[in-house]
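Asks: Let me begin by handing over the structure; questions about it come next.
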Amino acid sequence: MTAEPHPLDVLRAEARTTDVPTVRRQLDELSARHAEVLESAHWGAGAEDTLRGSIGMERKMGMEMRIGLGDEWDRLPLRRTAPLADMTLPELLAEARAGRQHLLLVLDTLLRAAEKREVRVWCLGEEVPPDLYLLGLRRRLGALAERVAGTRQDCPSE
């Protein structure tokens, strides 16, 4: 029986064959497709719960990066957030869009900081360098986007 490789080992292998600018562009493309999904007018039952979970995970990812920034996180603009439990579907959709923009801002700040000094970020329970974190972030955001897209209802042409 062959053991599955640890997810971080998979990311390490991928990091040897890709570069940060390419993955960062892929994140922009992924986020653009996600924004298109968020514009849908047809959502199924459970969309609110899925969006709450997705937004909560993205907020957690932002905190992972903020911790890696250390004192530099004070330079980021303060983004006030509201409790997700009380938000309606339109509010959740707006929060998902705004949250993603802010997440990418934090990511870009982290990547700039990593150009000047050593930066470590938490990913899958371990401290990793930003390039590994970036690959893990792309994978996690992709999975969240699929979950959110799965809550849309197909609507016949009108």
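Taken together, the values in this text are just the output of simple stated rules run on the coordinates, not laboratory data. The model shown is predicted, which means the values in this text are computed figures rather than measured ones. All Cβ positions, even for glycine, are placed from backbone atoms using ideal geometry, and neighbour counts span all protein chains on display.
Asks: So what J values fall out for region 21-28 if you push phi through Karplus, 6.51 cos²θ - 1.76 cosθ + 1.60 with θ = phi - 60°, rounded to Hz, Gly and Pro as x?
Replies: Coupling constants for region 21-28: x, 5, 5, 5, 4, 4, 5, 4 Hz.
Asks: List the residues whose amide H sits under 5 Å from the amide H of ARG152, counting only those 5 or more places along or on another chain, with H placed 1.01 Å from N in the peptide plane.
Replies: GLY44
Asks: Here is a further query. Which semi-axes, in whole Å and largest first, does the equivalent ellipsoid of region 94-158 have when worked out from the alpha carbon gyration tensor as the square roots of 5 times its eigenvalues?
Replies: Numbers: eigenvalues 197, 40, 13 Å².
Taking √(5λ) for each Cα gyration eigenvalue gives 31, 14, 8 Å.
Asks: Shifting gears a bit: Stretched out fully, how many nm does the piece from ASP19 to ALA35 gain, at 0.36 nm a residue minus the Cα gap? Before the final figure, lay out each step's value.
Replies: On the way: separation 16, 0.36 × 16 = 5.76 nm, distance 2.46 nm.
This chain segment gains 3.3 nm when fully extended.
Asks: Quick one: net charge around GLU64, please, counting Lys, Arg +1 and Asp, Glu -1 for every other residue with C-beta under 13 Å from its C-beta. Could the numbers behind the result be given before it?
Replies: Details: positive: ARG59, LYS60, ARG66, ARG120, ARG140; negative: GLU58, GLU126, GLU127.
Residues near GLU64 contribute +2 overall.
Asks: I would also like to ask the following. Which whole number in µm²/s is D for the chain by Stokes-Einstein, with the Kirkwood Rh taken over Cα pairs at 4 °C and 1.567 mPa s? Numbers along the way, then the final one.
Replies: Working: Rh = 16.8 Å.
It diffuses with D of about 77 µm²/s by this estimate.
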